[in-house]
Amino acid sequence: MAWDTYCPAANLAEHTGETVTCCGLIIEDRLHQLSLVSLAALGAFGGYLGGAPLGRASLRVTLGGALTMAVTALIGRILGVSVG
């Protein structure tokens, strides 16, 4: 860990334009696939608990999560922020 450049996420605004290390923001590409599978499983589980159709619940949560990740990546690209 590069403790001399570590910055808590809550203090990132104070370091605009600087290179800092922020714990927990290193994401490997392969985790996106795992994230979508996890969203599908959790959506199905939520549908089961709520008595909703499992397929529709799973699809709704997966597509919503994928859209959210895509928008987040787009904002990061526009702002020139790279994670990892």
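The values are calculated or read from the model by the stated rules, or taken from the named source; none is laboratory data. Every value quoted in this text rests on a predicted model; they were computed, and no experiment measured them. Ideal geometry is used to build each Cβ from the backbone, glycine not excepted, and the neighbour counts take in all protein chains shown.
The table below lists the values:
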{"read-out": "Matching entry among Ala52, Ala44, Ala73 (being over 16 Å from the mean Cα position of the chain (by Cα) and either closer than 30 Å to Thr16 by Cα or assigned to a helix (DSSP H, G or I) (or both))", "value": "Ala44"}
{"read-out": "Positions within segment 55-70 being under 19 Å from the mean Cα position of the chain (by Cα) and not small (Gly, Ala, Ser), in sequence order", "value": "Leu59, Arg60, Val61, Thr62, Leu63, Leu67, Thr68, Met69"}
{"read-out": "Boolean, Val83 is modelled with pLDDT under 75 and touching a Leu at 6+ places or on another chain (Cβ under 6 Å)", "value": "yes"}
{"read-out": "Filter result for Ala57 (exposed (fewer than 11 other Cβ atoms within 10 Å of the Cβ), free of Cβ contacts under 8 Å to residues at least 24 places away in the same chain and either small (Gly, Ala, Ser) or not in a helix (DSSP H, G or I) (or both))", "value": "no"}
